[in-house]
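To start, the structure under review is shown below, and the notes come after it.
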Amino acid sequence: MRPPARPRAAGTARPRPPGEGPAQHEYDGQEATGPTARGARGPAQESAQRPAAPGGPGRRPAGAKAPAPRRSVEQPAPRGPAPEPLPASRPGTARPTPSGSRDAVVSDQLADRLAERTAMARYRMWRRIGWTALALAVTAGLVWVTFFSPLLALDPAQVQVSGQGTTVDVEQVREAVTDEAGIPLPRIDTVGLREEILAMNAVKNVAITRAWPDGLTVRLTSREPVAAVPQPGDVYALMDAEGVRVGTVEDVPDRLPSIVVSLTDDEAGRRAMNAALEVLGALPRKFAGRVQTVSAATQDDVRTTLSDGRVIRWGSGAQVELKIKVAQTLLRAEPSARTIDVSSPALPVTR
């Protein structure tokens with residue numbers, strides 16, 4: 001009994017047994033549409049198509065050799081369904097590959113990512129360095145323009161001095177300021193310059209402000225003399241209301257009273273002069289212009305003589321504002337009075 005034939009793939013030729021001619025060569029793909037030609041025809045049809053051997057079916061002629069077993073030249077058909085084609089890979093994804101290739105792809109992707117991270121870190125570092133260098137350059141430029149360039153240097157023509165009064169030497173003040181010419185305004189030591197100007201004669205106070213971009217404004221408060229005090233050598237010292245000497249002259253200036261104080265005791269004479277100056281400093285400008293002389297035997301006996309010869313006794317320098325109002329009222333109310341005593345402003349006396 002013949003064993004069942006193996007299935008063959010469609011389109012393959014079946015081997016021809018010995019003794020069969022070319023006419024017996026058949027192709028499974030032409031005979032049947034089934035998986036194999038043998039399975040499509042069946043054993044009965046195959047035996048019917050073969051010529052009968054002499055001696056009856058199943059017998060071999062005498063002296064005939066047994067046919068050699070046929071060898072199948074067909075390739076065994078793959079079992080199971082045919083593998084589907086791999087889908088096209090999208091960018092950035094790896095195709096499924098054997099383990100060796102897959103490891104290589106993963107390694108390449110990891111290296112690419114590391115290289116990308118390194119490049120981004122290097123880019124951020126250089127960008128930070130660039131911004132830092134730019135900020136430093138801008139800062140250095142601003143510092144140079146502000147503190148070292150001639151753009152903000154002091155121009156002597158832009159120096160303005162005001163408030164000098166009648167006793168301050170304006171040229172001396174201007175000369176001290178213009179010594180800073182050519183120096184940028186932020187570098188000018190206004191505190192030191194102010195101390196230098198305050199040390200000058202007759203300067204009571206000074207304010208210095210920068211007038212951008214290249215000027216200075218100097219506002220002075222001068223010490224104005226209120227009396228001339230006789231000094232040895234037939235000269236007069238000009239004194240302000242605070243007892244500060246602001247100048248020396250040979251003759252008493254017009255409309256400026258002279259002070260006569262007792263010089264028997266230096267301390268007592270100083271206190272008497274300070275009391276006289278306190279009274280003179282509080283007088284209104286128009287009233288002070290009428291005073292011709294001031295005398296103070298003691299600090300509690302200050303007297304002023306007006307240009308018309310009338311005498312006002314002030315006592316000390318206490319309550320001087322109230323005493324001035326009372327004296328002005330009495331001068332208008334009693335023009336014939338030659339002496340007005342306001343040492344006690346609540347009980348004034350006229351004679």
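Give the ranking of PHE147, PHE287 by solvent-accessible surface, highest area first, calculated with a 1.4 Å probe.
Sorted by accessible area, descending: PHE147, PHE287.
Using 1/(1 + (r/R0)^6) with R0 = 41 angstrom and r between the beta carbons of LEU322 and ALA176, what's the FRET efficiency to the nearest 0.05? List each step's numbers first, then the result.
Numbers: r = 42 Å, r/R0 = 1.03.
Between LEU322 and ALA176 the formula returns 0.45.
Under a Cβ-Cβ cut-off of 15 Å, what is the net charge of the residues other than THR209 that fall near it, where Lys and Arg count +1 and Asp and Glu count -1?
Numbers: positive: ARG194, ARG210, ARG219; negative: GLU180, ASP189, ASP214.
Counting the neighbours of THR209, the net charge comes to 0.
If you take every residue apart from ALA111 with its C-beta less than 14 Å away from the C-beta of ALA111, what net charge results, scoring Lys and Arg +1 and Asp and Glu -1? Walk me through the numbers on the way to the answer.
Numbers: positive: ARG113, ARG117; negative: ASP103, ASP108, ASP112, GLU116.
Around ALA111, the charge tally is -2.
Does the range 123-250 classify as rounded, prolate or oblate by the C-alpha gyration tensor (a ≥ b ≥ c root eigenvalues; a/c under 1.5 gives rounded; else a/b over b/c gives prolate, otherwise oblate)?
Values: a/c = 5.01, a/b = 3.94, b/c = 1.27.
Prolate, because a/c is 1.5 or more and a/b exceeds b/c.
Under a plain spin-label model, where a point goes 7 Å from the Cα along Cα-to-Cβ, how far apart in nm are SER307 and ASN205?
It works out to 3.1 nm between the two label points.
Ignoring ligands, DNA and RNA, what percent of the accessible area of the range 192-351 is carbon or sulfur (1.4 Å)?
Of the solvent-accessible surface of the range 192-351, carbon and sulfur hold 49 percent.
Along the Cα→Cβ direction, 7 angstrom out, place labels at ALA140 and ALA111. What is the inter-label distance in nm?
4.3 nm
Please give the solvent-accessible surface of TYR123 in Å², to the nearest 10, using a probe radius of 1.4 Å with every protein chain present.
Counting only protein heavy atoms, TYR123 exposes about 120 Å² to solvent.
Step through the residues of the range 112-129 one at a time and calculate ³J(HN,Hα) from phi using the Karplus curve (6.51 cos²θ - 1.76 cosθ + 1.60, θ = phi - 60°), rounding each to whole Hz and writing x for Gly and Pro.
5, 5, 4, 5, 5, 5, 5, 5, 5, 5, 5, 5, 5, 5, 5, 5, 4, 5
Which order do the peptides 307-314, 224-231 come out in when sorted by mean C-beta neighbours inside 10 angstrom, highest first? Numbers along the way, then the final one.
Details: 307-314: 16.8, 224-231: 21.2.
The densest-packed peptide leads the list: 224-231, 307-314.
What does the charge add up to near THR167, with Lys and Arg as +1, Asp and Glu as -1, over the other residues with Cβ less than 12 Å from its Cβ?
Details: positive: LYS204, ARG223, ARG245; negative: ASP169, GLU224, ASP240.
Net charge around THR167: 0.
Take every DSSP beta bridge with both residues inside the range 217-314 and express the antiparallel ones as a percent of the total, to the nearest 5.
Working: 17 of 22 bridges.
Of those bridges, close to 75 percent are antiparallel.
Just to confirm my numbers, what's the Cα centroid distance between the range 105-175 and the range 277-346 in Å?
Each part reduced to its Cα centre gives a spacing of 66 Å.
The values are calculated or read from the model by the stated rules, or taken from the named source; none is laboratory data. Nothing here was measured: the structure is a model prediction, and the numbers come from that model. Positions of Cβ are backbone-derived with ideal geometry, glycine not excepted, and every protein chain shown enters the neighbour counts. For accessibility, only protein heavy atoms count, side chains too; no ligands or nucleic acids. Shrake-Rupley method; radii C 1.70, N 1.55, O 1.52, S 1.80 Å.
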